[in-house]
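Comments concern the structure below.
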Amino acid sequence: MATGPDLSSIRWLDAEGQPVSCVEKLKVLTETLAELRQISQDAFEDALLMGCAEPQIRQVLEEIARSLDNPYRKRS
């Protein structure tokens, strides 16, 4: 079973391209993304067990990611 990227090894950058260095922030982000990955995996497996086509499931998961709204975006 694939485990995905090693989330703890990702070098996170801020909006200016500088590394995010706060250990607590990085810990929370890593934990949250691991939870998201597990929930996505569970939904993926459920859909497969229900007989849904794998490419379509992946497409829907990608569309969900693309549809996320940034509530902190600076608006002009």
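Derivation of every value follows stated rules applied to the coordinates shown; laboratory data play no part. These numbers come from a predicted model, not from an experiment. Neighbour counts are summed over all protein chains in view; Cβ atoms, including those assigned to glycine, are modelled from backbone coordinates with ideal geometry.
For the chain, what does the alpha-carbon gyration tensor say about shape, rounded, prolate or oblate, given a ≥ b ≥ c as the root eigenvalues, a/c under 1.5 as rounded, and a/b over b/c as prolate? Since a/c reaches 1.5 but b/c is at least a/b, the shape of the chain is classed as oblate.
Taking label positions 7 Å along the Cα-Cβ direction at both residue 30 and residue 60, the computed distance is 3.2 nm, reported to one decimal. Net charge in the neighbourhood of residue 38 (other residues with Cβ under 13 Å of its Cβ; Lys, Arg +1, Asp, Glu -1) is -4.
What you get for the chain, charging only the Cβ of Lys and Arg (+1) and of Asp and Glu (-1), is a dipole of about 420 debye around the Cα centre. Dipole orientation for the chain: of the candidates 33, 17, 67, 17 has the Cα lying most toward the positive pole (charges on Cβ; Lys, Arg +1; Asp, Glu -1).
Considering amide H positions built from the backbone, and no H for Pro or chain starts, which residues 5 or more places from residue 12, or on another chain, come under 5 Å of its amide H? Hits under the 5 Å cutoff: 20.
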